[in-house]
């Protein structure tokens with residue numbers, strides 16, 4: 001049966017269109033929403049795809065409404081795909097008690113604990129959503145074989161982990177204020193304990209720094225996509241939750257020559273920070289996505 | 001006593017700062033919030049001011065978070081001042097029953113009906129807020145003697161009416177999807193009846209088209225500031241509430257040679273529309289605000 005999606009809103013912007021969709025997710029077992037920005041040139045041919053993974057408490061709408069990414073995406077001719085951050089509406093007991101666990105806090109992993117078995121955002125982002133973009137006729141103007149990943153905070157963690165584990169699937173990776181080493185950060189420890197259980201060895205596959213350490217240990221020579229990371233020096237989560245220094249050390253140890261890690265003076269964790277540097281990220285990805 | 005304001009949040013963006021303030025409004029009799037975006041060059045000297053008046057249901061935050069105006073304001077070196085849309089917290093019976101009347105729906109007028117006597121957003125925008133910007137030390141880098149007005153929907157109506165009644169105070173005016181002829185639009189009739197009473201003659205001072213008709217009748221030769229208006233052809237409120245054709249006819253009849261009224265194909269009433277054309281508006285105002 002062909003994948004079906006329902007368009008639930010459309011808004012023109014910068015000559016293209018933001019289209020918000022609802023579909024039934026087989027992986028998650030619930031209805032999910034996501035938004036695609038189609039640049040103007042999508043009317044005349046296929047355009048590559050930049051996925052944007054949002055942070056804690058966000059839906060598919062925050063980035064689309066606040067980051068100002070569509071201006072440069074229109075100029076460069078790339079599509080933006082903004083999924084939601086967790087399953088919703090399943091009614092799991094306690095799913096909405098915390099802002100950093102459950103609804104709005106999927107952490108882009110596949111849960112192994114029975115209670116949270118529906119939390120499989122890793123498979124949703126890596127497999128189900130790209131398959132939907134390839135198969136549904138409304139996405140005929142997208143070329144998901146040319147894809148890149150960007151994300152913010154928890155979504156920056158998601159972009160790093162998914163990109164490191166599937167380097168052949170993404171041409172470039174970027175993140176704003178990512179949670180770099182969740183095994184050693186309060187948000188990550190809470191999420192991983194709840195979704196994955198107490199065995200910390202199972203956590204490492206969802207931690208960018210640990211994945212890079214594994215590469216160092218195995219002397220892997222497989223190439224990694226280029227990476228751009230911006231963090232803000234006034235981000236109140238910088239040292240406790242985000243730890244960009246840990247990513248820098250792990251990337252250097254792994255010999256990730258294409259990794260550019262920047263610290264932006266005076267910027268915080270908000271979309272005001274993201275909007276300031278989103279053009280840099282769009283251009284970073286577009287240069288790779290549009291290369292022959 | 002010097003005017004006092006309390007800074008309640010600050011976020012760096014595009015090298016400048018969004019600073020949100022709270023102050024006690026004498027005119028309205030309640031605490032009010034507003035946000036100022038200071039461009040980077042405000043650290044080195046005085047910058048002119050562009051006021052942005054928001055639409056129904058909005059606070060001072062929608063424009064600041066969604067329009068993407070700070071990028072070009074930073075590039076041109078002008079400050080953005082985004083006030084709230086009505087008094088809040090007064091507890092007037094029924095003030096929150098409608099989304100288009102009472103809280104969030106001040107309509108930039110001075111109410112004459114006893115129950116709504118606190119609704120004096122006209123005086124707040126024309127007098128109290130500029131006086132605060134002139135007097136409070138935290139605004140020393142602003143030059144409110146160089147000011148322009150922009151607004152959206154109800155705020156577009158506000159920008160037009162305030163600019164037409166105080167042409168010497170503003171160097172330029174612009175609006176997105178303004179309510180052009182509120183005396184003949186359902187939103188306007190509801191608001192004016194409630195705030196101003198049944199005598200329609202008292203409504204005309206708050207209607208851009210009626211003010212322009214008065215100019216035509218009096219053969220006024222006083223000059224009007226240049227005006228830029230964008231409306232969207234897919235705006236569901238276009239014909240019933242906004243009526244850009246009425247403004248066009250009134251502006252032509254009044255000989256307003258500096259008025260540019262544009263219709264943007266396929267755009268709606270949302271901030272996606274505003275963000276697409278905000279650079280045009282920033283540049284339109286900056287060209288006048290920065291002229292010697």
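Every number here is computed from the coordinates shown, using simple stated rules; none is lab data. Here the structure is a predicted model, which means the values were calculated and not measured. Ideal geometry is used to build each Cβ from the backbone, glycine not excepted, and the neighbour counts take in all protein chains shown.
The figures follow:
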quantity	calculated
Residues located in region A:75-100, provided they are under 17 Å from the mean Cα position of the chain (by Cα) and under 20 Å from residue A:198 (Cβ atoms)	A:100
Selection count where residues are touching a helix residue (DSSP H, G or I) at 6+ places or on another chain (Cβ under 7 Å) and closer than 15 Å to residue A:59 by Cβ, scope region A:86-106	3
Strands (runs of 3 or more DSSP E) lying entirely in region A:1-66 (those with 2 or more residues that are away from chain B (no Cβ under 14 Å), touching a residue at least 24 places away in the same chain (Cβ under 8 Å) and crowded, with 17+ Cβ neighbours inside 10 Å)	A:16-25, A:30-38, A:47-53
Matching residues, region B:95-116, being surrounded by 15 or more Cβ atoms within 10 Å (Cβ to Cβ) and assigned to a loop (DSSP other than H, G, I, E, B)	B:95, B:100, B:103, B:104, B:106, B:107, B:108, B:109, B:111
Among residues of region B:143-161, those that are surrounded by 24 or more Cβ atoms within 10 Å (Cβ to Cβ) and more than 14 Å from residue B:284 (Cα to Cα), counted	10
Residue, farthest from residue A:17 (Cα to Cα), within region A:69-94, restricted to residues that are buried (at least 24 other Cβ atoms within 10 Å of the Cβ) and within 11 Å of chain B (Cβ to nearest Cβ)	A:69
